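All remarks here apply to the structure that follows.
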Amino acid sequence: MFSERLKPSQWAIFAMLTVLIGLNILFRLHFLSFTLPGDNSAYAYIGHTMLQGDRLYTDLVDNKPPAIYLTYMLAEKIWGYGTPAIIFISTFFSIVSLILIFLILLKTNNKVTALLGTMFWVLASNSRILDMDFPNTEFFISTFILIAFWAYLKYLEDKTNWLWVTGSALALASTYKTNVIFISAMFFLALILPSIQKAKKQLPALKNLSSLILPSVVLWAMIFLYFYSQNRFMDFWNVNYVAMKNYVGNVWLNELANLFSAKFFYSPYLKEILVLAVFSYLWIALNLIKLFSSRFTYLYLIIFTGCLLMTGSIRDIPHPNYYQLLVPFFCLMAAMFYSNLNDYLISKKINPRIIVGISVLIPVFYLGFFQVKNQAFSLKPSPALTDLRPDDDRQLGQLLGSLTRPDETLYQWGLAPGIYFYSQRNAASGIVLNHILYFAPLELRTHLYNKLISDIGKSKPAFIIFTSWAFRLDQEPWMAPFKIHYRFLGLFGKSAIFEKKDRPAPAKLILSQLNIPTESKNQPWKNPHLMLFPGWKNTQLLDPERFKGKPLLPSGNGPEADLINQGIALFQQNQFIKGRDALAKALEINPNNLAAQAEMGIYNEATGQYFLALENYQAVAEKIPHPYTEYYIETQNLLMQQGAFIAPPDK
């Protein structure tokens with residue numbers, strides 16, 4: 001540890017901690033002028049409508065446990081509906097995390113190390129590349145994990161009831177994301193390990209497990225009972241378990257794919273805090289080979305492993321916000337690296353002041369560079385800042401808010417809920433984000449599409465907006481019965497705007513504010529993208545149960561035959577986009593090739609492009625009475641039962 005001579009007085013410690021808290025507040029308040037990302041604006045909007053009386057998972061559909069919406073709802077209750085409320089709640093949690101990092105390092109090391117770790121947190125905790133400028137679920141979870149860690153250290157110190165605090169913090173964290181169970185399991189392991197080494201203490205340790213388990217069991221039992229008592233349990237279950245099961249996939253395969261990938265540990269998302277990650281990994285390595293020695297090394301490693309497991313449990317390479325869980329531990333372990341380096345140099349009779357002092361400047365200047373870069377933006381709200389976020393959510397939301405009455409609704413098809421937040425207008429449907437319609441299983445997807453159609457029909461939104469994640473108007477089956485009631489206005493950034501024709505005050509002014517390409521004035525807006533997330537690997541979509549056993553048409557002997565076979569092979573390898581492109585080339589060569597039409601029909605139907613699929617099937621059915629006439633009729637009937645196909649698109 002740092003030498004006694006370097007230990008500052010209590011008043012100096014308090015003063016430095018106060019300065020660091022002040023800097024943390026200043027850095028976070030800077031984001032008042034920034035545009036909310038999609039997830040955060042969705043949480044804020046859902047929390048807002050819950051205060052208006054809408055029911056979570058029944059009227060409002062999103063795939064997170066309830067805590068994140070309740071947190072944003074509480075923020076609005078205290079500070080009002082707007083960006084300041086979100087900044088203030090994130091600042092509060094950031095300060096709590098800062099204090100906990102200080103207290104944890106104070107218990108496991110000393111005051112100087114604690115101040116160093118706290119300084120790292122101030123410089124790293126608002127990383128924009130990790131989306132820490134606004135609080136996502138992981139931001140709140142990391143605070144509760146720090147509470148659990150600190151309480152566990154208190155338990156090790158005096159063996160009192162602090163384990164209940166640890167268990168309660170883990171229980172609350174799990175209501176933000178259920179895969180917190182990986183971290184909870186690591187706390188259980190930390191509790192059991194010493195007992196395994198000393199068999200006589202095994203029973204007391206096992207009894208203490210109830211302190212960790214019971215809070216989660218009781219809290220989740222209360223959540224289940226609440227939704228059951230409200231006759232809404234299946235709404236809750238379908239979104240939080242059925243849909244998420246499809247979204248996540250096989251957790252253990254995800255762990256293997258992520259934790260054995262170099263990109264996971266050296267992700268480009270870690271760019272702004274890379275120096276902390278490097279020193280943390282270095283601290284782990286040096287402790288494992290016994291070059292460094294820390295009393296609580298095993299505890300840090302076990303809980304950090306839990307954070308890694310939680311981060312890697314989602315399909316594909318994690319999103320930037322998933323790495324937010326690791327940031328507090330990078331701050332803790334990087335600070336301990338310097339403490340251990342100081343001790344190591346002293347043991348070798350080397351004066352540590354110059355070496356440690358200069359080396360500390362490396363992370364300070366590295367992290368400080370990104371702070372200066374972030375703070376370089378004006379502290380005043382500026383419309384230009386919307387360029388930092390996709391789809392111009394703020395500008396478009398504010399524009400639509402100025403063109404509508406408070407009692408009118410909007411609907412955006414895509415992933416831009418900021419339109420609701422910035423317009424201060426309600427959504428026409430509780431399906432605020434449409435991504436759940438892609439990964440939900442067929443039965444649930446059908447139910448949600450029916451809900452969407454019903455909501456739109458009842459609410460009659462003033463504007464329907466297709467954002468950059470949305471696709472061709474004539475490929476959206478839910479829009480079919482409403483198309484005749486809307487007129488195309490033009491493009492705003494990457495969004496297509498449609499207005500209800502019979503509005504009392506048509507938005508004539510909007511035309512001068514939109515970017516309207518010449519070719520878009522006289523024909524429906526078209527986007528070449530397809531309704532399928534890039535890289536989305538859901539093989540059941542391209543192999544529906546009802547297709548099994550039905551013969552495929554022979555590809556023929558023409559020049560397009562190889563392309564058709566190639567497309568089918570690519571589908572089987574989950575390379576959907578490449579497979580589609582191969583079939584498209586085959587149809588360019590020979591539009592009358594029925595095999596290519598049939599395979600493209602399967603693809604279009606599987607990716608939600610029902611109208612295009614029906615055109616493919618009809619082209620086949622007109623030429624071959626069996627089996628695709630029956631196949632076409634079956635598909636059409638199925639879509640009508642789903643409520644997805646109502647009428648063919650306008651020609």
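What the Cα convex hull of segment 33-123 gives, in volume per residue, is 116 Å³.
Remark: for residue pairs LYS107/LYS348; LYS451/LYS623; LYS458/LYS585, the C-alpha separation exceeds 32 Å in LYS451/LYS623; LYS458/LYS585. Rolling a 1.4 Å probe over the protein heavy atoms leaves PHE365 with an accessible area of roughly 140 Å². The gain in end-to-end length when the LEU253 to VAL364 segment is fully stretched comes to 36.2 nm, 0.36 nm per residue minus the alpha carbon separation.
Using the alpha carbons alone, the radius of gyration of segment 276-375 stands to its Kirkwood radius in an Rg to Rh ratio of 1.03. Between the amide H of SER495 and any residue lying 5 or more places away or on another chain, no distance stays under 5 Å, with hydrogens modeled in the peptide plane. The 3J(HN,Hα) values that the Karplus relation (6.51, -1.76, 1.60; θ = phi - 60°) gives for segment 144-156 are, in residue order, 5, 5, 5, 4, 4, 5, 4, 5, 5, 5, 5, 4, 4 Hz. Gly and Pro appear as x. Each of LYS348 and GLN424 was given a label point 7 Å from its Cα along the Cα-to-Cβ line. The distance between the two points is 6.3 nm. Rg and Dmax over the alpha-carbon atoms of segment 220-354 stand at 20.3, 71 Å. Note on ALA285 and MET222: the extension gain reaches 18.4 nm, defined as 0.36 nm multiplied by sequence separation minus the Cα-Cα distance. Accessible area ranking (1.4 Å probe, heavy atoms, ligands and nucleic acids excluded), largest first, for MET186, MET222: MET222, MET186.
Largest accessible area first, the listed residues ILE602, ILE354, ILE192, ILE183 line up as ILE354, ILE192, ILE602, ILE183 when surface is computed with a 1.4 Å probe on the assembled protein chains. The accessible-area ordering, largest first, of the residues TYR438, TYR226, TYR152 stands as TYR226, TYR438, TYR152, per a 1.4 angstrom probe. Measuring against 28 Å, Cα to Cα, the residue pairs LYS245/LYS578; LYS111/LYS290; LYS177/LYS578; LYS111/LYS349; LYS207/LYS245 contain LYS177/LYS578; LYS207/LYS245 as the ones spanning a longer distance. Over segment 120-267, the alpha carbon radius of gyration divided by the compact-protein estimate 2.2 N^0.38 Å works out to 1.23.
The values are calculated or read from the model by the stated rules, or taken from the named source; none is laboratory data. Since the structure is predicted, the reported quantities are computational estimates derived from the model, not experimental observations. Because the Cβ atoms are built from the backbone with ideal geometry, glycine has one as well, and the counts that use them run over all protein chains shown. Heavy atoms of the whole protein, side chains included, go into the accessibility calculation; ligands, DNA and RNA do not. Shrake-Rupley method; radii C 1.70, N 1.55, O 1.52, S 1.80 Å.
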